[in-house]
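Please read the structure below before turning to the comments.
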Amino acid sequence: MPASSIKELPNGALVLATDLATFYRAPGATDWQRLGTGLPLTVGMDAEYNAIDNSVYVATHGRGIWAFDLAQL
């Protein structure tokens, strides 16, 4: 599956934006899960971490930019 972006977060978690969806792997986990509640199944173009508000931002293809508070993941 083609991937557009992968980010390692400060807590060791990973966010992977792919052509199918955006996925999240918790620190120390081996399984991936879809990122967040409500994020549509669409192409993830980029994932970025913002230390100021401790959030992950995901840019999608045609569905906008979504923000997820890292403390709630």
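Along the charge dipole of the chain, Cβ charges K/R +1 and D/E -1, which of 9, 26, 43 sits furthest on the positive end?
Towards the positive end, the residue furthest out is 43.
Hey, any idea what % of the chain's accessible area is carbon plus sulfur with a 1.4 Å probe?
Carbon and sulfur atoms account for 52 percent of the accessible area of the chain.
When the chain is modelled as a GNM with alpha-carbon springs shorter than 10 Å, which of 60, 42, 30 fluctuates the most?
30
Taking the solvent-accessible surface of protein heavy atoms with a 1.4 Å probe, what is the per residue accessible area of the chain in Å²?
59
Could you tell me whether the chain comes out rounded, prolate or oblate from its Cα gyration tensor? Rule is a ≥ b ≥ c as square roots of the eigenvalues, rounded for a/c under 1.5, then prolate if a/b exceeds b/c, otherwise oblate.
oblate
Note down the relative contact order for the chain as a percent, whole number, built from C-alpha pairs under 8 angstrom at least six residues apart.
Relative contact order comes out at 23 percent.
The values are calculated or read from the model by the stated rules, or taken from the named source; none is laboratory data. What you see is a predicted model, and the numbers here were worked out from it, not measured in a lab. As a convention, Cβ positions derive from the backbone with ideal geometry for all residues, glycine included, and neighbour counts pool all protein chains shown. For accessibility, only protein heavy atoms count, side chains too; no ligands or nucleic acids. Shrake-Rupley method; radii C 1.70, N 1.55, O 1.52, S 1.80 Å.
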